[in-house]
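Shown next, in structure tokens, is the structure this report addresses.
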Amino acid sequence: MIPRIDNLPEVSTLYREYLTELKNLGFSGDIEEEHSSRLLCATDNSVYQCMPQAVIFPRSCKDIALAMKLRGHSDYKRVIFTPRGGGTGTNGQSLNRGITLDCSRYLKEVRNFNVQKQEITVQSGVIKDELNELIKKEGLFFSPELSTSSRATIGGMISNDAAGQGSLKYGRTSSHIKAVTVVLTDGSVATFGPVSGSELDKKMNLPGLEGDLYRKLVPLLKDNRAKICEIFPKLNRFMTGYDLFHAYDADTGTVNLSRLICGAEGTLGILYEAVLDLTPLPKYRGLLVVKYDNFFSALKNAIPLIEAGALSVETVDSKVLKLAMQDNIWLSVQEYIREVPGKEIAGLNIVEFAGKDALQEQEKLDTLYKELLSCTKLGNAGILGVQKVLNSQGIAAVYGMRKKAVGLLGNAAGRRKLVAFTEDTVVPPKDLADYIREFRALLDAKGVPYGMFGHVDTGL
């Protein structure tokens, strides 16, 4: 018999009353207070755990607006909301002790696909890989990449301003957002995108919260432009606060408040839908899998790989590689990462070349391949060998192994499991090897087992 679980945390009176009134007002989505539903949303892809009071699943923009408007009532000022997408965040962004507003169940509509304009409108719960599967027949894709793309939602990507493999060329999520529609804290709905001239004047004269935002933010952005340019760190991705730098273009007088929504983690409003800027699929894709005698050699060799014109450089250490060899995924990838006789591969760089000009990209790949073969023969840069991967099946297999890195570490043998705890380290590629050397020394001194992987091309 399965033992009964006692002493489960109860939903507080404040939240129970709020949820009852929300349902009575016509909320058409799901309201779940069961312990099982709350427990599922008490964790994400981070090391943190935080039990919410309830989980609600809106079916429409009206549902979100209703929830926020009711929260503005004096009786419910202490009610806390956090929006949630696929739960793939690595820093606990979607966790709280209030209400989780989960957009992934119902907000999955895709519309207004315009091939000529290379744009599409999607609701916040649409999954990235599913979107790309839908539009690939037209030769387009949503280019920001991340290792959790099979379950990450567009809403989560925008809220995190996600960027991963390929961001050196394609940029981050905010680089591909034409407009966002959000529900503000008072329940009103606003669409933000680039505006200037008479259109900006209209926005400044709007009544309500949307107008207030323009009236307060426009002078703030203009008057403090010099300070913003001087003080804000020059990063590829704004993880140190709201993206004030890109919210205003002094040359054109354009204000774009969608740049503040990107990376705001849902703190400025609940994202309902977005108009995405799509990218043509590359005509050519090819990989070089470079094998090293140690992980530091792989990190130090990243700079010449980047300078060779690569789309991306992904790195994997020996811990992840050994775990992959013990996993079923190795059956699909071993042909593309062949062992080096008499040597132990202790680090990998996965170098991709891709673009519209197939001949140009192939020439860059071949040139680098010859240089790396020469290094292998001379024993330079710790390079043990290099392989070309030019077919789509092989490319998918190699990246499948790389994307499974977190899962491989988490499923390592033994009762103690490895968890991801250091994410999005901001270090320039030229300093990465020295940084990792010191970081590894710290972990080794504390007796902490670890595995390392990530993007080494953009300093993320």
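The values are calculated or read from the model by the stated rules, or taken from the named source; none is laboratory data. Because the structure is a prediction, the values reported are computed rather than measured. Reconstructed Cβ throughout: ideal geometry from the backbone, glycine too, with neighbour counts over all protein chains shown.
If I ask for residues that are closer than 18 Å to G197 by Cα and not β-branched (V, I, T), which ones from the range 214-233 would you list? Correct list: Y214, R215, K216, L217, P219, L220, L221, K222, D223. Can you find, within the range 153-163, the residue that is nearest to the chain's Cα centre (by Cα) among those that are surrounded by 24 or more Cβ atoms within 10 Å (Cβ to Cβ) and not in a helix (DSSP H, G or I)? Once the filter is applied, the top-ranked residue is A162. You will find that of Y284, Y292, the residue that is at pLDDT 95 or above, surrounded by 16 or more Cβ atoms within 10 Å (Cβ to Cβ) and within 30 Å of D434 (Cβ to Cβ) is Y292 and no other. Of the residues making up the range 70-128, those that are in contact with a helix residue (DSSP H, G or I) (Cβ under 6 Å, 6 or more places away or on another chain), surrounded by 17 or more Cβ atoms within 10 Å (Cβ to Cβ) and not β-branched (V, I, T) are L70, G85, G86, C103, S124. Scanning the range 352-403 for residues that are under 18 Å from W330 (Cα atoms), small (G, A, S) and in contact with a helix residue (DSSP H, G or I) (Cβ under 8 Å, 6 or more places away or on another chain) returns G394, A397, G400. Just one of (1) exposed (fewer than 13 other Cβ atoms within 10 Å of the Cβ); (2) in contact with a Phe, Trp or Tyr (Cβ under 8 Å, 6 or more places away or on another chain) fails for S374. It is (2). The number of residues in the range 236-285 being farther than 19 Å from I154 by Cα and either in contact with a His (Cβ under 6 Å, 6 or more places away or on another chain) or of a type in the set (G, A, S) (or both) comes to 4. Being under 29 Å from the mean Cα position of the chain (by Cα), polar (S, T, N, Q) and exposed (fewer than 15 other Cβ atoms within 10 Å of the Cβ) is true for just one of T279, T267, T252. Which residue is that? After ruling out the rest, the residue left standing is T267. A single member of L408, L390, L372 is touching a residue at least 40 places away in the same chain (Cβ under 8 Å), assigned by TED's automatic domain parsing to the domain that holds A308 and closer than 30 Å to G139 by Cβ, and it is L390. Listed by position, the strands (runs of 3 or more DSSP E) contained in the range 169-274 that have at least 3 residues being of a type in the set (A, V, I, L, M) and at pLDDT 95 or above are 177-183. Residues that are under 22 Å from the mean Cα position of the chain (by Cα) and surrounded by 13 or more Cβ atoms within 10 Å (Cβ to Cβ): does the range 428-449 have at least one? Within the range 428-449 (the criterion being under 22 Å from the mean Cα position of the chain (by Cα) and surrounded by 13 or more Cβ atoms within 10 Å (Cβ to Cβ)), the answer is yes, since at least one residue qualifies. In the condition set (1) touching a strand residue (DSSP E or B) at 6+ places or on another chain (Cβ under 6 Å); (2) outside any helix (DSSP H, G or I); (3) not aromatic (F, W, Y), A298 is compliant with all but (2). Of everything in the range 184-220 that is of a type in the set (S, T, N, Q) and farther than 22 Å from C262 by Cβ, the residue that is surrounded by the fewest Cβ atoms within 10 Å (Cβ to Cβ) is S198. Summed over the range 21-68, residues that are surrounded by fewer than 16 Cβ atoms within 10 Å (Cβ to Cβ) and under 18 Å from V182 (Cα atoms) total 1.
Does T191 satisfy the criteria of being touching a helix residue (DSSP H, G or I) at 6+ places or on another chain (Cβ under 9 Å), under 28 Å from L22 (Cβ atoms) and without any contact (Cβ under 8 Å) to a residue 24 or more places away in the chain? Yes, satisfied. Contact map, the range 153-181: residues that are within 18 Å of V255 (Cα to Cα) paired with residues that are in a helix (DSSP H, G or I) and among the charged types (D, E, K, R), Cβ distance under 9 Å, separation 6+ or inter-chain. Pairs shown: S174/R259; I177/R259.
For the range 60-69, the criterion of being of a type in the set (A, V, I, L, M) and within 20 Å of the chain's Cα centre (by Cα) is met by none of the residues. The range 1-105 holds helices (runs of 4 or more DSSP H) entirely within its bounds, and those carrying 3 or more residues that are more than 25 Å from A264 (Cα to Cα) and outside the structural domain of T185 (by TED's automatic domain parsing) map to 13-24, 35-40. Looking only at the range 196-222, which residues are out of contact with any strand residue (DSSP E or B) (no Cβ under 6 Å at 6 or more places or on another chain) and under 28 Å from C103 (Cβ atoms)? If the condition is that a residue be out of contact with any strand residue (DSSP E or B) (no Cβ under 6 Å at 6 or more places or on another chain) and under 28 Å from C103 (Cβ atoms), then L206, P207, G208, L209, G211, D212, L213, Y214, K216, L217 are the ones that fit.
Scanning the range 295-314 for residues that are buried (at least 24 other Cβ atoms within 10 Å of the Cβ) and of a type in the set (S, T, N, Q), we see that the one that is farthest from A381 (Cα to Cα) is S312.
Scanning the range 384-434 for residues that are part of a helix (DSSP H, G or I), modelled with pLDDT of 75 or more and of a type outside the set (A, V, I, L, M) returns S392, Q393, G394, Y399, G400, R402, K403, G407, P429, K430, D431, D434.
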